[in-house]
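Please treat every number below as a calculation from the coordinates, not as lab data. Computed from a predicted model, the values in this text were never measured in an experiment. Quick reminder, even Gly has a Cβ in these numbers, built from the backbone with ideal geometry, and neighbours come from all protein chains shown.
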Amino acid sequence: MASSSTSLKRREQPISRDGDQLIVTPLGAGSEVGRSCVYMSFRGKNILFDCGIHPAYSGMAALPYFDEIDPSSIDVLLITHFHIDHAASLPYFLEKTTFNGRVFMTHATKAIYKLLLTDYVKVSKVSVEDMLFDEQDINKSMDKIEVIDFHQTVEVNGIKFWCYTAGHVLGAAMFMVDIAGVRILYTGDYSREEDRHLRAAELPQFSPDICIIESTSGVQLHQSRHIREKRFTDVIHSTVSQGGRVLIPAFALGRAQELLLILDEYWANHPDLHNIPIYYASPLAKKCMAVYQTYILSMNDRIRNQFANSNPFVFKHISPLNSIDDFNDVGPSVVMATPGGLQSGLSRQLFDSWCSDKKNACIIPGYMVEGTLAKTIINEPKEVTLMNGLTAPLNMQVHYISFSAHADYAQTSTFLKELMPPNIILVHGEANEMMRLKQKLLTEFPDGNTKIMTPKNCESVEMYFNSEKLAKTIGRLAEKTPDVGDTVSGILVKKGFTYQIMAPDELHVFSQLSTATVTQRITIPFVGAFGVIKHRLEKIFESVESSTDEESGLPALKVHERVTVKQESEKHISLQWSSDPISDMVSDSIVALILNISREVPKIVMEEEDAVKSEEENGKKVEKVIYALLVSLFGDVKLGENGKLVIRVDGNVAQLDKESGEVESEHSGLKERVRVAFERIQSAVKPIPLSAS
Amino acid sequence: MGTSVQVTPLCGVYNENPLSYLVSIDGFNFLIDCGWNDLFDTSLLEPLSRVASSIDAVLLSHPDTLHLGALPYAMKQLGLSAPVYATEPVHRLGLLTMYDQFLSRKQVSDFDLFTLDDIDSAFQNVIRLTYSQNYHLSGKGEGIVIAPHVAGHMLGGSIWRITKDGEDVIYAVDYNHRKERHLNGTVLQSFVRPAVLITDAYHALYTNQTARQQRDKEFLDTISKHLEVGGNVLLPVDTAGRVLELLLILEQHWSQRGFSFPIYFLTYVSSSTIDYVKSFLEWMSDSISKSFETSRDNAFLLRHVTLLINKTDLDNAPPGPKVVLASMASLEAGFAREIFVEWANDPRNLVLFTETGQFGTLARMLQSAPPPKFVKVTMSKRVPLAGEELIAYEEEQNRLKREEALRASLVKEEETKASHGSDDNSSEPMVIDTKTTHDVVGSHGPAYKDILIDGFVPTSSSVAPMFPFYDNTSEWDDFGEIINPDDYVIKDEDMDRGAMHNGGDVDGRLDEATASLMLDTRPSKVISNELIVTVSCSLVKMDYEGRSDGRSIKSMIAHVSPLKLVLVHAIAEATEHLKQHCLNNISPYVYAPQIEETVDVTSDLCAYKVQLSEKLMSNVIFKKLGDSEVAWVDSEVGKTESDMRSLLPMPGAASPHKPVLVGDLKIADFKQFLSSKGVQVEFAGGGALRCGEYVTLRKVGPTGQKGGASGPQQILIEGPLCEDYYKIRDYLYSQFYLL
């Protein structure tokens, strides 16, 4: 492996090398969190994983580095899940670039993608120039997105791929890509822990050659789910039973649904709480509820079994809340509100009015972005600044209970140990966390067979895969299994990355292709004796057979067993042959000959002497041409003593026998090159082996 | 060299009986489909019973009785124990179909072929796959890959592809190439040249399929005509298959026209069916999933259809014209039969059949032309026992109970004696208890009371009766009492309590009333009486079967052009017809085996694998043609280090080969191409193409429909010597690749 930061645009490398080089380049999420986008190229196939934007930036700055690649060269774009940092630059990429490949995501992701991005466009308050796309672009992009079901295998231009459950959010997928037998796993965000509604990320059936894996949690370890849930419900139960209010600021989709499930179930099991209302205040979540109620099949068995009785996403104790005006704040209640960072909006309004009462509580359920109020209050300052600029004492209890659905260190290392990929590429993690993770993982794989890479954005990782090309010889050609030294000749058909060799007349049997023979018949006006033609033809061609046509009884000639010349009537001659380049040429010369006869009847017969002479001259000419071509190819070419040509390249010497085409050289590479070059020159100079038929 | 493949039909050849076929691939036995008919005729399953135990895997294609009806019975009675593979909808809807069948039967007869528990256990271990999921079998089937693909006939319906060593065996029955409201068309045509295709000839003779729009119009017109004159419309339907399409049509039409006539969907499982179907959007047509993605409109949120699960609700419905969709389609059982008997004598009513009834059923009888004026129907009903019968029954039960209890206690004593005997020298004081509890389970309810006091029956052995007792000595080491950390871990169960007590036992959801019916153990009996029903209502049959018609079947098979073809599931004439057609046009290997006749369709294809050396490949120049690339290779065979044959470049110049033109010329396409180049072209007689003034071009030789067995194409171009001739020849050459 060699990791160098060559620009991807410089790809004019020799074709033979290209075949085996695999390049992975993060265009985003390389040693950072946000704007996931990883480019991969192998054997002329280009794949892009995810297409996110960086939530901390705006406008073009938030995009992944798309200018590193040529969007029109991408064959397939695979989106793992609907989060902004994984899917939000998709409308831009589809509508504003030259990309014309195919896009895939799961059903649930597609349904939520639209709602989420439409909401995103509405909420993000940026200037018109900074707008990357508008609602129309999103709608247009919906038509181009294709859906893929979990485990369904799809093949595009020879790239095979399928996806596994990733566990992170509803519809989240890990993609396994198979190009010519080399497998690449891209995890996206994943979680190996089963929760209330989602399955844990599956362990793929096959071990990949490369695993591109997220490293958000770095070396952290999560608390067990049950302890987290217990803390969560205990805090809520004790707060509301003392008459307090609970505020849960959360992002609208993903974890929020999990928390609602916990709450609804807890309420169902505690009848004493039934008079205390639970609200979720997010129009977006309300809209997406239909999606959650529908794609039950993407969830875990627990939900599916519950579904057998009633839809668990039809909540019994939780009601939606449209705005703060509809909220009658009279007693204890539990409110889940957006945004998760308490920057503004409903969650902030509620926070402002509740923060000074010590009976109340605020539960922060997940990862908080630096600089937001939610991050600030985790450290429990004495006072906070309200939205109206005043300060107020922070008396409410603040709890941080992480329900983050990213794999922690324990999950990541067991996952990788089970898969044992020889190459691991870490993405989607903060640079320091990522280095720590890399160090710790290296200690887990001490045998040195595993390479762990942490490329930065636009930094390419290059790997070489020596993939064997296997072909299947089928049909008549395979009736006898050949021994060493036998020859195999036939049509090689390549479809995707599978090769088959077959006899030409069986092409239509084993493939969708078919062969054709084109018979040509041409009539030429000719007045004169047929014998003249025969005489002339015999002068020029080596083999002319006379016969008579069976049907009409007219005389016919067969030239080189290819072209039949027939006297159709007194004024016409017909030529018939089956098309191939040599026959076409033979027939052309016959046509010319016949036309000549009719134009200038008697003509002097060419002298034998001349013919011999011209042959000699021809021979010399050929030699000259061969020499000149060899010089242009190899530079230093001299005529050796024994009539052989001596070719020197970089100190290596090769001797070429012009007659037999044999090459002697100690350097096998040079020998091969000279041999091939000479063969090609020969076939260019003497293209038509007339003797063969 | 090839993979060995044998096909043995177990049921459903040369007739329209249920489908069930044994396909054995290199010794691994697949049972593909496991159908039964609505009459539950056990004689149909005899062939299956002989092979059931040797089956290694079961593949199910569609969620109806004809394709999976016998599964519970075969699992319970015939010793079938292989894993079952199906798509999620086939599993779910199939389960509901079987529930409905059972409950319908139970209502009218002492049905004892299988029970609800048998259905549950048969469906419990179904391995669910998604479309195009390549599932690699392990163990005995190592190397075999199975994958379901869209069939287009019913929700989740699949054609199965079984692959081993690159050879495909495809099982495709009841597919539909036409896109419908809720389903996409089949993807069968995407498979090309499989080694074996097993398909049905069911519709081979059926040709005049009307266009969808016209058919829908007729369908709705017929219904509304009868409703407007105050009649009722009955559509006998299946439980969870084709009925979905009908519901959508009606629903759509009702919203467009603003009809107020009620529509009822009446099966024992109707509400669960629709609930499940609502969550199966991934499996439906593109337009349905698109409408959900963009506007979150679930097509199966039915606004005009009322779901009913018992007949009383229908009887209580407000009087007036209505549309009722009720199971079973065969009219052999279920609500449809009851309703038919009630409605048949009113000429205003309509019974609308949407599929051909199964052979020998009431529905089939009514579909015959001319329809019968009277039909003899045996109506049965389950009624609770009353009066003397009840007393007699109870006495009988009590007597049985007593006998059983007596027997049980005798057995018990023997066992306790035995176990006590062994007890003396073993140190497991719990043995008595485990034995007895085991017996409680074994000896069914009635003996329960007796067993409770069983522990106190003095035994004849020398040991005095006592409760088992453990001396709980705790172990200590240097750090104190040894504890088991597991005892202190918060248990998973606690968190999932809610789910456990809801979900657990019954696999599928049953409606409350149904559940009560199912659990209703009140003594009851079945009374039957024969009725002569006057059929004066209109009987209409329309094709909503969702199967491809004869012409499409032929062109589909021609397109797939399998190397070998096995025909099943059709009456003799249709099978013979399609067999002849395929023999003439597609493949010389067409088989139509009889029941239990094994045909060997092992492909006689020779093949071996070689490695393509880097040296050879660097000299090969590929030409792109469609989605494949072709090149000519001349090579010499060598060996690699791993002793694999490898192709190396020829040491000397290769001997020249006969040039090959590769490409598929379609005269019509070529005509367009020429005219785009400014050449005047027109079709002359006999399929010839006249190009310009003088040159003609035609295909000669045998003209097969497409590729197939017809061999290479022969094209003849003729004309006088002129410039046009060479120009057109050049255009013609441009359509081919020369190798």
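Structure data summary
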| quantity | calculated |
| --- | --- |
| Calculated FRET value between A:Lys456 and A:Val676, using beta carbons and R₀ = 60 Å, to 0.05 | 0.90 |
| Segment A:Asp588-A:Glu155, extension gain: residue separation times 0.36 nm, minus the distance between their alpha carbons | 151.2 nm |
| Segment B:Ile127-B:Ile621, extension gain: residue separation times 0.36 nm, minus the distance between their alpha carbons | 173.3 nm |
| Nearest 10 degrees, 0 to 90: helix A:409-419 Cα axis against chain A principal axis | 30 |
| Within region A:503-539, backbone nitrogen closer than 14 Å to the virtual label 7 Å beyond the Cα of A:Glu479 toward Cβ | A:503-506 |
| Extent along principal axes [Cα atoms of chain A; Å; largest to smallest] | 124, 63, 54 |
| Spin-label model distance (nm) - A:Ile324 vs A:Gln439, 7 Å beyond Cα toward Cβ | 4.6 |
| Extreme residue, positive dipole direction of the protein assembly as shown, given options B:Thr97, A:Ile590, A:Ala516 (C-beta unit charges) | A:Ile590 |
| Rounded FRET efficiency, nearest 0.05, which uses the C-beta distance separating B:Gln672 from A:Asp134 and R0 of 35 Å | 0.30 |
| Rg and Dmax of region B:157-223, Cα atoms only, in Å | 15.7, 53 |
| For A:Leu537, B:Leu188, order by how many other beta-carbon atoms lie within 10 Å, fewest first | A:Leu537, B:Leu188 |
| Projected area averaged over orientations for region B:191-306, convex hull of C-alpha atoms, nm² | 10.6 |
| Where only C-alpha atoms are counted, convex hull volume of region A:519-570 per residue in Å³ | 87 |
| Crossing angle, helix A:283-294 versus chain A [Cα axis fit, 0-90 degrees, rounded to tens] | 60 |
| Shielding by partners - mean other protein chain Cβ count within 10 Å, residues of A:146-157 | 4 |
| Average partner coverage of B:602-611, which counts Cβ from other chains inside 10 Å | 6 |
| Descending principal axes extents, region A:439-483, alpha-carbon based, whole Å | 57, 29, 14 |
| Projected label distance in nm at A:Ser547 and A:Ile378, using a 7 Å step from Cα toward the beta-carbon | 9.2 |
| Amide proton proximity set for B:Gln611, modelled H, under 5 Å, gap of 5+ | A:Ala471, B:Arg645, B:Ser646, B:Leu647 |
| Directionally averaged shadow of region B:280-365, computed from the convex hull of its alpha-carbon atoms, nm² | 7.9 |
| Residue order, fewest to most beta carbons within 10 Å, for B:Val377, B:Val243 | B:Val377, B:Val243 |
| Efficiency of FRET from Cβ geometry, A:Glu659 and A:Ser598, R₀ 35 Å, rounded to 0.05 | 0.25 |
| Rg to Rh, two decimals, where region B:52-109 supplies the alpha carbon set and Rh follows Kirkwood | 1.00 |
| Cα-based helix-to-principal-axis angle, A:530-540 vs chain A, degrees rounded to 10 | 70 |
| Gap separating the Cα centres of region A:344-364 and region B:22-50, nearest whole Å | 66 |
| Built amide H within the under 5 Å cut-off of B:Tyr206, gap 5+ | B:Gly550 |
| Sequence-distant aspartates and glutamates (8 or more away, or on other chains) whose Cα lies within less than 18 Å of A:Lys658 | A:Glu615, A:Glu616, A:Glu617, A:Glu623, A:Asp636, A:Glu641, A:Glu672, A:Glu679 |
| Spacing of the two label points (7 Å from each Cα toward its C-beta) at B:Asp730 and B:Asp117, in nm | 8.5 |
| Whole-Hz ³J(HN,Hα) from phi, Karplus 6.51 cos²θ - 1.76 cosθ + 1.60, for region B:95-105, glycine and proline x | 4, 5, 4, 5, 4, 4, 4, 4, 5, 5, 5 |
| Rg/Rg_globular for region B:109-150, with Rg_globular taken as 2.2 N^0.38 Å and Rg from C-alpha atoms | 1.72 |
| J(HN,Hα) series, region A:624-632, from Karplus relation 6.51 cos²θ - 1.76 cosθ + 1.60, nearest Hz, glycine and proline x | 4, 4, 4, 4, 4, 5, 5, 4, 5 |
| Residue exposure sequence - A:Leu78, B:Leu385 - by fewest surrounding Cβ within 10 Å | B:Leu385, A:Leu78 |
| Rg(Cα)/(2.2 N^0.38 Å) for the protein assembly as shown, N = residue count | 1.14 |
| Hz values of 3J(HN,Hα) by residue in region B:40-55 - Karplus curve (6.51, -1.76, 1.60), Gly and Pro given as x | 6, 8, 5, 5, 5, 8, 4, x, 5, 5, 6, 10, 3, 6, 8, 7 |
| Average beta carbon contacts from partner chains per residue of B:612-618, 10 Å cutoff | 5 |
| Compactness of region A:396-489 - radius of gyration and Dmax, Cα, Å | 23.8, 87 |
| Paired Rg and Dmax values of region A:210-360, which use every Cα atom, in angstrom | 16.6, 57 |
| Convex hull per residue volume in Å³, alpha carbons only, for region B:11-109 | 95 |
| Percentage, to the nearest whole number, of Cα pairs in region A:541-595 over 15 Å apart | 44 |
